[in-house]
Amino acid sequence: MNIPNDLKYTDTHEWIRREPDGTLTLGITDPAQALLGDVVFVGDAKVGSTLAAGATAAVVESVKAASDIYAPVAGQILAFNDALESTPERLNASPYEAWILKIRPENPADVDALLDAAAYAALAGKD
Amino acid sequence: MVEFGGWDMPLHYGSQIDEHHVVRRSAGMFDVSHMLSVDIGGPSSLTFLRRLLANDPAKLHGVGAAQYTCMLNDQGGVVDDLIVSHSKHDQYRIVLNAATADSDVAWIEARRSADGYAATVHVRRDLAMIAVQGPQAREIVWNALPETRALTQSLAPFQMVDIPLGRISRTGYTGEDGFEITVPAATASSLWDSLQRAGAVPCGLGARDTLRLEAGMNLYGADMDLSTTPFESGLGWTVDLRSARDFVGRRAIEGVRVSRVRFGACLLGRGVLRGGMLVHSAGGTGVVTSGTFSPTLGCAIGLVRLPRPSGGQDPEAGHLVDIEIRGTRMPARLVDPPFVRRGEILINLNNLPKS
């Protein structure tokens, strides 16, 4: 399993990267894309909305199942990676490069409470 | 690996979409040993099968012919779908689905003793089967097994031949050309390796499902079951009523108005169709019986069962329906399956008549 050390994670299999400008970049993890199988659609992104932590922010649909993407912390959804409209399979091929959302967190310190790589690896290993 | 009909089977070997494409473009292979072959023999074997099956096995002229059929119960419900072939004089083989194999055999044995047919029923759990499917499938089989070329080169679709290594039939569940190879289970593993070395790409259940759905082929348990008749499941073409043959279930379905009908559906938006989704049509609410994302078409497709109310307008290919996907209604176009055969897309969403 590929679980980069410099990212934060949620127990719903999203990865989060803190950017220098204070925004967050979010995607799904390598274990997540393996569980999902071939991704065929990514969309329904709530760009512009301010969401509470845990609210549905987007949807990833694979041949196997539809999976909601959740806001990891309270914040505003700034952008969706449009490239995923035409080539959703990037999420399978390069899950840590094919980001899904950019988020401005309401409280940057909230991100500290997310899982680190070791904690996520322990969780993902149990699936 | 996932559980399927009592067997452990691979969902895919890496990417189900890649495996799907390889079958349409060159050749893939499936371990389909979960299906059960049953040999029916004896002087009354044909009479017995003509009683058991909704299609007429008397049409299997000559050894080597095969046909697709349903087996019905007394209410006309589908017990299973299967292929029956004429193996040799007074000997036939039927191939049953894994999930229903045990109940099918019990059903067959019960009919045999109840109706007193002089026929033997030999369950062949000693056999394995590998399906090689795609435009290059037969050539790959001949490269792996050169001794089979002369014997199988002139097989037409739905014909089979018995040879030293086993049986080869020009049949399949993908809408592509290809062979299904039945061999003793002990030799299956080395056969698989030979085929793989010759270029056949292993494919799993995921691709098997998207391929058969594109080909408009039903899956027992999803698209039909004991609660549906063949006419309600798009399988009316397999029912042979032309002779006076009294097959099991005939009286329940002959002359009875069909109140539900099968169509294909193409979703006109981004999403994936899945079995169980409600379908809203002019004639009432129906259901998606099988759904998926079609790699060849690039959109979601499904098989749907719609009501056909008496005195109302019948659903037709070209009509729009609304399908409920996670609480939102999305439009879809009804089509006549198949969606794809021999690598060609057969439906044209742009040219279909508007409702």
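Any idea which of B:Gln75, B:His34, B:Ser85 is furthest toward the positive side of the dipole for chain B, if Lys and Arg beta-carbons carry +1 and Asp and Glu beta-carbons -1?
Result: B:Gln75, furthest along the dipole toward the positive end.
Report the trypsin sites (Lys or Arg not before Pro) located in region B:201-304 that are in a DSSP loop and have at most 12 other Cβ atoms inside 10 Å of their Cβ, or state none.
Numbers: sites: B:Arg208, B:Arg212, B:Arg242, B:Arg245, B:Arg250, B:Arg251, B:Arg257, B:Arg260, B:Arg262, B:Arg270, B:Arg274; in loops: B:Arg242, B:Arg245, B:Arg257, B:Arg270, B:Arg274.
Here the sparse-neighbourhood loop sites are B:Arg242, B:Arg257.
For chain A, modelled as a GNM with alpha-carbon contacts under 10 angstrom, which of A:Asp21, A:Asp82, A:Asp116 fluctuates the most?
A:Asp21
Report the label-to-label distance for B:Leu349 and B:Asp322 in nanometres (one decimal), using points 7 Å from each Cα along the Cα→Cβ vector.
2.0
If a paramagnetic tag sat 7 Å from the Cα of A:Asp21 along the Cα-Cβ line, which residues of region A:38-79 would have the backbone N under 12 Å from that point?
Only A:78-79 fall inside the zone, counting backbone N under 12 Å.
Antiparallel as a % of all DSSP beta bridges within chain B, to the nearest 5? Each step should come with its number before you reach the end.
Working: 78 of 81 bridges.
The antiparallel proportion sits near 95 percent.
Quick one: grab Rg to one decimal and Dmax as a whole number for region B:240-354, Cα atoms only, in Å.
When restricted to the Cα atoms of region B:240-354, Rg and Dmax are 15.9, 49 Å.
Report the residue, chosen from A:Ala66, A:Ala45, A:Ala58, that carries the largest GNM mean-square fluctuation when chain A is represented by alpha-carbon nodes joined by springs under 10 Å.
Top of the fluctuation ranking is A:Ala66.
Taking the Cα centre of region B:88-202 as the origin, how large is its charge dipole in debye, to the nearest 20, when only Lys and Arg (+1) and Asp and Glu (-1) carry charge on their Cβ atoms? Each step should come with its number before you reach the end.
Details: 11 positive and 13 negative charges, 29 e Å.
It comes to approximately 140 debye.
Give me the distance in nm between label points sitting 7 Å out from Cα along the Cα-to-Cβ direction at B:Val161 and B:Trp237, one decimal.
2.7
Rounded to the nearest 20 debye, what is the charge dipole size of the protein assembly as shown about its Cα centre when +1 sits on each Lys and Arg Cβ and -1 on each Asp and Glu Cβ?
On the way: 44 positive and 56 negative charges, 316 e Å.
My answer is approximately 1520 debye.
FRET efficiency for B:Leu151 and B:Arg341, Cβ-Cβ distance as r, R0 = 30 Å, nearest 0.05?
Values: r = 26 Å, r/R0 = 0.88.
Working from the Cβ atoms, E equals 0.70.
Volume per residue, Å³, of the convex hull around the alpha-carbon atoms of chain B?
Values: hull volume 48.9 nm³, N = 355.
That works out to 138 Å³ per residue.
When the helices in chain A are scored as -39500 (n - 2.57) per DSSP H run of 4 or longer and the sum is shared across all residues, what 222 nm value do you end up with, to the nearest 500 deg cm²/dmol?
-4500 deg cm²/dmol
Which of the listed residues, B:Ser154, B:Gly206, B:Phe231, is farthest toward the dipole's positive end in region B:145-272, when Lys, Arg count +1 and Asp, Glu count -1 at the beta-carbon?
Sorting the options by dipole projection puts first B:Phe231.
Can you figure out the FRET efficiency of B:Ala222 with A:Asp112, using R₀ = 60 Å and their beta-carbon distance, to the nearest 0.05? Before the final figure, lay out each step's value.
On the way: r = 48 Å, r/R0 = 0.79.
About 0.80, to the nearest 0.05.
Provide B:Phe231, B:Phe48, B:Phe293 in ascending order of the number of other Cβ atoms located within 10 Å of each residue's Cβ, fewest first.
Numbers: B:Phe231 20, B:Phe48 25, B:Phe293 28.
Fewest to most other Cβ atoms nearby, the residues stand as B:Phe231, B:Phe48, B:Phe293.
For region B:222-268, which semi-axes, largest first and in whole Å, follow from the square roots of 5 times the eigenvalues of its Cα gyration tensor? Don't skip to the answer; put the middle values down first.
On the way: eigenvalues 116, 24, 18 Å².
Semi-axes (√(5λ), whole Å): 24, 11, 10.
Under 10 Å, Cα contacts only: if you run a Gaussian network model on chain A, which one of A:Thr29, A:Thr50, A:Thr87 comes out with the highest mean-square fluctuation?
A:Thr87
Report, for the protein assembly as shown, the % of DSSP beta bridges that are antiparallel, rounded to 5. Intermediate results must be reported in sequence, preceding the final value.
Values: 105 of 108 bridges.
Given both bridge residues lie in the protein assembly as shown, the antiparallel proportion sits at roughly 95 percent.
Tell me the label-point distance for the pair B:Ser259, A:Ser49, using the 7 Å Cα-to-Cβ offset, in nm and rounded to one decimal.
So the two model labels end up 4.2 nm from each other.
Under the definition of partner shielding as Cβ atoms of other protein chains within 10 Å of a residue Cβ, what is the mean value for peptide A:28-40? Could the numbers behind the result be given before it?
Numbers: counts 0, 0, 0, 0, 0, 0, 0, 0, 0, 6, 12, 2, 11.
Whole-number average of other-chain Cβ neighbours for A:28-40 is 2.
Would you mind computing the Rg to Rh ratio of chain A from its alpha-carbon coordinates, Kirkwood style for Rh?
Working: Rg = 13.3 Å, Rh = 14.3 Å.
Ratio value, two decimals: 0.93.
What does the charge dipole of chain B about its Cα centre add up to, to the nearest 20 debye, if the Cβ of each Lys and Arg holds +1 and the Cβ of each Asp and Glu holds -1?
Working: 35 positive and 37 negative charges, 147 e Å.
Charge dipole, chain B, about its Cα centre: 700 debye, nearest 20.
What is the mean number of Cβ atoms from other protein chains located within 10 Å of the Cβ atom of each residue in peptide A:56-66, rounded to a whole number? Show your work: numbers first, answer last.
Details: counts 0, 0, 0, 3, 0, 7, 4, 16, 8, 2, 5.
Counting Cβ atoms of other protein chains within 10 Å of each residue's Cβ and averaging gives 4.
Sorting B:Tyr68, A:Tyr120, B:Tyr173 on the 10 Å Cβ count, fewest up front, what's the list? Walk me through the intermediate numbers first.
Working: B:Tyr68 15, A:Tyr120 23, B:Tyr173 20.
Taking fewest neighbouring Cβ atoms as first place, the list is B:Tyr68, B:Tyr173, A:Tyr120.
Relative to the compact-globule scaling 2.2 N^0.38 Å, provide the ratio for the alpha-carbon radius of gyration of the protein assembly as shown.
Relative to the rule-of-thumb radius for its length, the protein assembly as shown sits at 1.11.
Binning every alpha carbon pair distance of region B:119-226 at 5 Å from zero, what are the percents per bin?
For region B:119-226, the binned pair fractions read 2, 11, 20, 23, 20, 14, 7, 3, 0 percent.
Using r as the Cβ-Cβ distance of B:Lys88 and B:Arg125, and R0 as 30 Å, what FRET efficiency do you calculate, to the nearest 0.05? Display every interim value, and only then the final one.
Numbers: r = 21 Å, r/R0 = 0.70.
So, using R0 = 30 Å, E works out to roughly 0.90.
Can you give the helix-only mean residue ellipticity at 222 nm for chain B, where every DSSP H stretch with n ≥ 4 adds -39500 (n - 2.57) and the sum goes over all residues, rounded to the nearest 500 deg cm²/dmol? The partial results should precede the final answer.
Details: 8 runs with 72 residues, N = 355.
Taking each H run of at least 4 residues, the total per residue is -5500 deg cm²/dmol.
Among B:Trp107, B:Pro309, B:Trp142, whose Cα sits farthest toward the positive end of the charge dipole of chain B (+1 at Cβ of Lys/Arg, -1 at Cβ of Asp/Glu, about the Cα centre)?
Of B:Trp107, B:Pro309, B:Trp142, it is B:Pro309.
Quick one: how many lysine pairs does the protein assembly as shown have with C-alpha atoms less than 25 Å apart and a gap of 8 or more or different chains? Give me the count, please. Kindly include the intermediate steps, with their values, before the conclusion.
Numbers: A:Lys8/A:Lys46; A:Lys8/A:Lys102; A:Lys8/A:Lys126; A:Lys46/A:Lys64; A:Lys46/A:Lys102; A:Lys64/A:Lys126; B:Lys59/B:Lys88.
For the protein assembly as shown, the number of qualifying lysine pairs is 7.
Laboratory data are not the source of any read-out in this text; all were calculated from the coordinates shown. Predicted model only: the values in this text are computed from it and were never measured. Cβ sites come from the backbone with ideal geometry, for glycine too, and all protein chains shown count toward neighbours.
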